[in-house]
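Laboratory data are not the source of any read-out in this text; all were calculated from the coordinates shown. Everything quoted here is computed from the prediction, not taken from an experiment. Backbone-built Cβ (ideal geometry, glycine too); neighbour counts: all protein chains shown.
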Amino acid sequence: MGTLKLTTQRCDRVRAWVSVELDGELSQFEIALLRTHLAGCEDCRKFAAEARAFTGELRSAPPERLDVPISLPRRRRGSFRSVQVAVAASAVAAVGLGSVLGSLGSRDAITARSAAPSTLERVSPARPQIGPGLKRAVELESAPPTPPAGPSSDVERHPGKQPV
């Protein structure tokens, strides 16, 4: 049984770099740091030598033939698809229900619907639809003219007042 030795964080990082270097994925800067550390640390040098030897043996060995082939289960996509459809349908139903309840539950909407003109009144060409301000202006225009201002009109407006 081997003895347990404490390693520093730097040694842990260098040992990870040894593996990455064996795969050829270490940058030039990291290779320089690795070599500098290995030159001064005997434990990491031993680790690197063992890792290189083991990796070399694995890569040079012929592939093993399996007695039983490996079969992976097929991925099911239908179950996730049905969840997506159910969520979309629920969202549409919630929006529709919310808009219906919002329009029915609003008192202003009920009042506006009861006060709204019927379809025939809105479409009738004989009676154009006009707003209240325009309607008042038409009434004032069609009313008989008021008499010009003068001494008699002042008396007519204020019956208790005596003419001067």
**Positive minus negative residues near Ala48 (Lys, Arg vs Asp, Glu; Cβ under 12 Å)** = +1
**Message:** Averaging the inverse of every distinct alpha carbon separation and then flipping it gives the Kirkwood radius. What is it for segment 9-60, in angstrom units?
**Reply:** 11.1
